[in-house]
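**Q** This structure is in structure tokens; I'll ask about it shortly.
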Amino acid sequence: QVQLVESGGGLVEPGGSLRLSCAASGSILNFNAMAWYRQTPGKQRELVAIMPRGGSTVYPNSVKGRFAISRDNAKNTVYLQMNSLKPEDTAVYYCNARWNLTNYWGQGTQVTVSA
């Protein structure tokens, strides 16, 4: 059983910062990649950050320069640091882990950016 548990979401004002955490039930080194996605009602789930095992991190233009994915292998935890948050960043954020062709997902954590 692979479990991913997100935390750290909440309400923040525009320009503020949040750090999301994703705790995995096993070693994150077993996965080919760790990633963060987000989704709002009526929109397709979009990738916001991905960290391939042994590869370079990738970000879409919408968050590049503001978001950063990182990991703590000893804690089996992946983080998403979000800075300079905008109202359009409001979404449910999901942790994703990939092993070969299988994807695992967390339950999601709500991030709301509003004044």
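**Q** Please verify whether Arg19 is in contact with a Gly (Cβ under 6 Å, 6 or more places away or on another chain), part of a strand (DSSP E or B) and open to solvent by 80 Å² or more (accessible area, probe 1.4 Å), treating the condition exactly as stated. Walk me through it before giving the result.
**A** Working: in contact with a Gly (Cβ under 6 Å, 6 or more places away or on another chain): yes; part of a strand (DSSP E or B): yes; open to solvent by 80 Å² or more (accessible area, probe 1.4 Å): yes.
Against the criterion (in contact with a Gly (Cβ under 6 Å, 6 or more places away or on another chain), part of a strand (DSSP E or B) and open to solvent by 80 Å² or more (accessible area, probe 1.4 Å)), Arg19 qualifies.
**Q** A further question on this structure: If you go through the stretch 2-12 one residue at a time, do you hit one that is surrounded by 17 or more Cβ atoms within 10 Å (Cβ to Cβ), more than 13 Å from Val78 (Cα to Cα) and hydrophobic (A, V, I, L, M, F, W, C)?
**A** Within the stretch 2-12, the first condition is being surrounded by 17 or more Cβ atoms within 10 Å (Cβ to Cβ), and the residues that meet it are 4, 6, 9, 12.
If we keep only those that are more than 13 Å from Val78 (Cα to Cα) as well, we get 9, 12.
Restricting the remaining residues to those that are hydrophobic (A, V, I, L, M, F, W, C) gives 12.
Looking for residues that are surrounded by 17 or more Cβ atoms within 10 Å (Cβ to Cβ), more than 13 Å from Val78 (Cα to Cα) and hydrophobic (A, V, I, L, M, F, W, C), one finds at least one in the stretch 2-12, hence yes.
**Q** Something else now. Answer with yes or no whether Ala97 is surrounded by fewer than 20 Cβ atoms within 10 Å (Cβ to Cβ), touching a strand residue (DSSP E or B) at 6+ places or on another chain (Cβ under 7 Å), among the aliphatic types (A, V, I, L, M) and in a strand (DSSP E or B). Give the derivation first.
**A** Values: surrounded by fewer than 20 Cβ atoms within 10 Å (Cβ to Cβ): no; touching a strand residue (DSSP E or B) at 6+ places or on another chain (Cβ under 7 Å): yes; among the aliphatic types (A, V, I, L, M): yes; in a strand (DSSP E or B): yes.
Spelling it out, it is not the case that Ala97 is surrounded by fewer than 20 Cβ atoms within 10 Å (Cβ to Cβ), touching a strand residue (DSSP E or B) at 6+ places or on another chain (Cβ under 7 Å), among the aliphatic types (A, V, I, L, M) and in a strand (DSSP E or B).
**Q** Can you pull out every residue in the stretch 64-80 that is of a type in the set (Val, Ile, Thr) and out of contact with any helix residue (DSSP H, G or I) (no Cβ under 9 Å at 6 or more places or on another chain)? Don't jump to the end; show me each part of the working.
**A** Of all residues in the stretch 64-80, those of a type in the set (Val, Ile, Thr) come to 69, 77-78.
Passing the criteria: only Ile69.
**Q** Only one of Gly54, Gly108 is at positive phi, open to solvent by less than 30 Å² (accessible area, probe 1.4 Å) and not hydrophobic (A, V, I, L, M, F, W, C). Can you tell me which? If you could, list the steps in order and put the result at the bottom.
**A** Numbers: Gly54 fails: open to solvent by less than 30 Å² (accessible area, probe 1.4 Å).
On inspection, the qualifying residue turns out to be Gly108.
The values are calculated or read from the model by the stated rules, or taken from the named source; none is laboratory data. Nothing here was measured: the structure is a model prediction, and the numbers come from that model. Cβ sites come from the backbone with ideal geometry, for glycine too, and all protein chains shown count toward neighbours. To get the accessible areas, we keep the full protein, side chains included, count just its heavy atoms, and leave off ligands, DNA and RNA. Shrake-Rupley method; radii C 1.70, N 1.55, O 1.52, S 1.80 Å.
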